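Down below is the structure, laid out as structure tokens.
The values are calculated or read from the model by the stated rules, or taken from the named source; none is laboratory data. All of these numbers come straight from a predicted model, not from anything done at the bench. Glycine also receives a Cβ, built like all others from the backbone with ideal geometry; neighbour counts cover every protein chain displayed.
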Ligand code: BES
Ligand code: ZN
Ligand code: ZN
């Protein structure tokens, strides 16, 4: 997506579509795109008539398209709802709805009139960022395996007009930063959407090597031989049933400031989760190619951190394995020894994410002594039951991490909700034969017993856990209720929020 920022009013532009946001009609009639009165009496008449006939109401998700009588493309009015409930997320969704509606209709260039997307509650800077997100992510489609394409919006210009002319520098910087982020989300989605026959653990390692080369990062890949020497029994057990052996992938971005803290990001990278010997039911099992989304988001976060040159040093750890049943698969009843020597009693081979994360968390805690660890994992079905398909579960005892991540989430519109971790959950994961058990076999608080399990591997480092099982991909059953910018398949959830968290991370104390 190209996103030029222009001082002019969009109406002067030669765009295929000019887009204005309209609020539900209030006391003030601000609904006619500025400039129309002078130039286009005909358009003005059409739009006024449509308001009068109540064809336009300014409701959310309402789109009205006019063809300019002089043949200079379209004018699109997108509803923003009530002024009192207006926020950046409204703009993000509206922009996505516009680019989606214009798909396949020959509109390559779109110009958004920025002033019409601003209000007391939404500054020009945050409206511009939201337009960039909405247009870029809303236009996204996974096209790798398709032989035909309808062609969509390729350029989403932001026009400041007279009202915002003085904000040009601010808006330019905001739009450029957000474009870097949104393009990284697109990159992340393209990898996360790959099927499991292609996106094997070794293939993810190749992607990491390519990323490291392009952005000057340090990369280390531990193969199955090395993992055995290191004592990473969790990764080896989970990956044991697959012909594609496990990999632990470590990426390092040195940080833009010597005073920056070290933040470790750890991702669950199960390239396919069949459940293993504790086999999942067949219905919708194909979705389990998305069980690598935490690891792929970790790649995206490293890419964005390097592009935006954030201050902290960032260490990314991808715990990659394929969970399949076979004669060499791990089984219920097995006890595995992990990197830090702690042992896990396996009661359910489908609770494999925590088993691979055990090695990754323990490794990064010991080798890098980070100031904090954030993990991202499509960890539990219980997260989806508790919070639905749009919201991630956040578990942390660290107040600064909690507030930092919640503040970042408020900026990006990626919803996260903090959940508690208590001794009740910690007691539940204790085992009679090992240090911890990977399943409680009792269906209560599954998201939190999983978190209690992970906590035993972070070595006391301040840590936040993001269970992204719901929002990592748009589920076919619930996608009609998702915002238009989430699309079909992998969403890249977490990349924008964690990166903005890193951008705001305070220096080392
Ligand atoms: N990958 C799944 C969790 C999941 C479910 C992700 C739905 C995305 C959508 C995970 O490995 C799993 O199967 N967890 C089990 C744990 C249980 C056996 C203790 C679950 O949640 O049922
Ligand atoms: Zn599983
Ligand atoms: Zn899984």
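Regarding residue 271, is this residue within 16 Å of ligand 3 (Cβ to nearest atom), part of a strand (DSSP E or B) and touching a strand residue (DSSP E or B) at 6+ places or on another chain (Cβ under 7 Å)? Against the criterion (within 16 Å of ligand 3 (Cβ to nearest atom), part of a strand (DSSP E or B) and touching a strand residue (DSSP E or B) at 6+ places or on another chain (Cβ under 7 Å)), residue 271 qualifies. Within the stretch 286-305, is there a residue that is free of Cβ contacts under 8 Å to residues at least 12 places away in the same chain, in a helix (DSSP H, G or I) and either crowded, with 18+ Cβ neighbours inside 10 Å or within 14 Å of ligand 1 (Cβ to nearest atom) (or both)? There is at least one residue in the stretch 286-305 that is free of Cβ contacts under 8 Å to residues at least 12 places away in the same chain, in a helix (DSSP H, G or I) and either crowded, with 18+ Cβ neighbours inside 10 Å or within 14 Å of ligand 1 (Cβ to nearest atom) (or both).
I'd like to know if the stretch 253-268 contains one or more residues that are surrounded by fewer than 24 Cβ atoms within 10 Å (Cβ to Cβ), closer than 23 Å to residue 351 by Cα and within 16 Å of ligand 1 (Cβ to nearest atom). No: the stretch 253-268 contains no residue that is surrounded by fewer than 24 Cβ atoms within 10 Å (Cβ to Cβ), closer than 23 Å to residue 351 by Cα and within 16 Å of ligand 1 (Cβ to nearest atom). Considering only the stretch 293-327, state which residues are in contact with a strand residue (DSSP E or B) (Cβ under 9 Å, 6 or more places away or on another chain) and within 16 Å of ligand 2 (Cβ to nearest atom). Residues satisfying the conditions are 293, 294, 295, 319, 320, 321, 322, 323, 324. Once the stretch 234-244 is narrowed to residues that are assigned to a loop (DSSP other than H, G, I, E, B) and either within 27 Å of the chain's Cα centre (by Cα) or within 16 Å of ligand 3 (Cβ to nearest atom) (or both), the residue that is surrounded by the most Cβ atoms within 10 Å (Cβ to Cβ) is 240. The single condition among (1) under 21 Å from the mean Cα position of the chain (by Cα); (2) within 16 Å of ligand 2 (Cβ to nearest atom); (3) surrounded by 24 or more Cβ atoms within 10 Å (Cβ to Cβ) that residue 276 does not meet is (1).
Of all residues in the stretch 321-336, those that are within 14 Å of ligand 1 (Cβ to nearest atom) and assigned to a strand (DSSP E or B) total 3. When 421, 454 are checked against the criterion of being buried (at least 23 other Cβ atoms within 10 Å of the Cβ), at pLDDT 95 or above and under 23 Å from residue 234 (Cβ atoms), 454 stands alone in meeting it. Residue selection: residue 304 satisfies the criterion of being more than 14 Å from ligand 3 (Cβ to nearest atom) and farther than 16 Å from residue 220 by Cα.
Scanning the stretch 392-406 turns up at least one residue that is touching a strand residue (DSSP E or B) at 6+ places or on another chain (Cβ under 7 Å), away from ligand 2 (no atom under 16 Å from the Cβ), free of Cβ contacts under 8 Å to residues at least 40 places away in the same chain and not in a loop (DSSP other than H, G, I, E, B). Here residue 348 passes the criteria (1) within 16 Å of ligand 2 (Cβ to nearest atom); (2) surrounded by fewer than 18 Cβ atoms within 10 Å (Cβ to Cβ); (3) more than 24 Å from the chain's Cα centre (by Cα); (4) more than 15 Å from residue 270 (Cβ to Cβ) except the one numbered (4).
Residues are listed down the side, and each one gets a yes or a no for (1) touching a helix residue (DSSP H, G or I) at 6+ places or on another chain (Cβ under 6 Å); (2) in a loop (DSSP other than H, G, I, E, B); (3) modelled with pLDDT of 90 or more:
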| residue | (1), (2), (3) |
| --- | --- |
| 45 | no, no, no |
| 58 | no, yes, yes |
| 77 | no, no, yes |
| 80 | yes, no, yes |
| 92 | yes, no, yes |
| 99 | yes, no, yes |
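Regarding residue 393, is this residue more than 17 Å from residue 321 (Cβ to Cβ), within 15 Å of ligand 1 (Cβ to nearest atom), crowded, with 19+ Cβ neighbours inside 10 Å and under 24 Å from the mean Cα position of the chain (by Cα)? Against the criterion (more than 17 Å from residue 321 (Cβ to Cβ), within 15 Å of ligand 1 (Cβ to nearest atom), crowded, with 19+ Cβ neighbours inside 10 Å and under 24 Å from the mean Cα position of the chain (by Cα)), residue 393 qualifies. Scanning the stretch 337-375 for residues that are within 16 Å of ligand 3 (Cβ to nearest atom) and not in a helix (DSSP H, G or I) gives 344, 346, 347, 348, 349, 350, 351, 352, 375.
The rows are residues; the columns are (1) without any contact (Cβ under 8 Å) to a residue 60 or more places away in the chain; (2) assigned to a helix (DSSP H, G or I).
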| position | (1), (2) |
| --- | --- |
| 181 | no, yes |
| 195 | no, no |
| 199 | no, no |
| 210 | yes, yes |
| 219 | yes, no |
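The helices (runs of 4 or more DSSP H) falling completely within the stretch 408-509 that include 2 or more residues that are over 19 Å from the mean Cα position of the chain (by Cα) and either within 16 Å of ligand 1 (Cβ to nearest atom) or over 26 Å from residue 196 (Cα atoms) (or both) map to 423-428, 446-455.
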